[in-house]
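**Student:** One structure coming up, written as structure tokens, with questions to follow.
Values in this text are rule-based calculations from the coordinates and carry no lab data. These figures come from a predicted structure and were not determined experimentally. FYI the Cβ positions are ideal-geometry reconstructions off the backbone, even for glycines, and counts take in every protein chain you see.
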Amino acid sequence: MQASGAEYEPIWDPEAAGPVEVGVDAIEIERIAAALDRFGLRFLNRIYTERERDRYGNRPAELAARFAAKEAVMKALGTGVRGIRWRDIETLPNRRGKPIVKLHETAAKRARQLGFRHIAISLTHSRSDSIAMVAATKLPGSYGEDETT
């Protein structure tokens, strides 16, 4: 909402974003396990970066969380699966185990276009499902509002 008290107006332009954009996705772990069983390395190589494959390649729940992360990031970028390559979104842990999103090529280009500075992520899974939630934030002043409002 604007500081002047004007009514809320959604951003309809698909090439624009607000100061914060979010994305969430959930996937059944069994779907990822089935894809691994059916397609093996072909599936892993198509979806996951080399570092993700090395770290999580035999752990379906962790792979499912990263798959959900990729989808959630694509939603925050406003693209869905169009125009962003799966491997251009990478989720790895920092030294304390906190998941960190690293963007490459097509995803990094889209984030720059929207003025995003940071993408925060949270991952979780139960016995049956993996869920990812992301929040992308813009560079201060890149969305036409005074930082003090």
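**Student:** Could you state the angle between the C-alpha long axis of helix 60-76 and the longest principal axis of the C-alpha atoms of the chain, as a value from 0 to 90 degrees rounded to the nearest 10?
**Tutor:** Relative to the chain, helix 60-76 is tipped by roughly 20 degrees.
**Student:** Restricting to lysines 8 or more places apart or on different chains, can you count the pairs in the chain with Cα atoms under 16 Å from each other? Please report the intermediate quantities before stating the final value.
**Tutor:** Numbers: LYS70/LYS102; LYS70/LYS109; LYS75/LYS102; LYS75/LYS109; LYS75/LYS138; LYS102/LYS138; LYS109/LYS138.
Close lysine pairs under the 16 Å cut-off: 7.
**Student:** Another one. Can you tell me which of ALA26, ALA69, ALA34 moves the most in a GNM of the chain? Springs connect C-alpha atoms under 10 Å apart.
**Tutor:** Looking only at ALA26, ALA69, ALA34, the biggest GNM fluctuation is shown by ALA34.
**Student:** Please tell me the relative contact order of the chain in percent, rounded to the nearest whole number, where contacts are Cα pairs under 8 Å and at least six residues apart.
**Tutor:** 31
**Student:** Next question, about the same structure. Report the Cα centroid-to-centroid distance between region 11-35 and region 61-137 in angstrom, as an integer.
**Tutor:** Distance between centres, Cα-based: 8 Å.
**Student:** Round to the nearest 10 and give me the degree value, 0 to 90, for the angle of helix 105-114's Cα axis relative to the longest principal axis of the chain.
**Tutor:** So the inclination is approximately 20 degrees.
**Student:** Calculate how steeply helix 29-39 sits against the longest principal axis of the alpha-carbon atoms of the chain, using the helix alpha-carbon long axis, and give the answer as 0 to 90 degrees to the nearest 10.
**Tutor:** Roughly 60 degrees, rounded to the nearest 10.
**Student:** Moving on to the next point. With springs only between Cα atoms under 10 Å, which of VAL81, VAL134, VAL24 fluctuates most in a Gaussian network model of the chain?
**Tutor:** Looking only at VAL81, VAL134, VAL24, the largest GNM fluctuation is found for VAL81.
**Student:** Using a Gaussian network model on the chain with a 10 Å cutoff between Cα atoms, which of ILE29, ILE11, ILE121 fluctuates the most?
**Tutor:** ILE11
**Student:** Order the peptides 14-21, 42-49, 57-64 from the highest to the lowest mean number of other Cβ atoms within 10 Å of their residues.
**Tutor:** Output ranking for 14-21, 42-49, 57-64: 57-64, 42-49, 14-21.
**Student:** Among PHE43, VAL134, LEU77, which residue has its Cα positioned farthest towards the positive end of the charge dipole of the chain, with +1 placed on the Cβ of Lys and Arg, -1 on the Cβ of Asp and Glu, and the dipole taken about the Cα centre?
**Tutor:** After comparing all options, I get PHE43.
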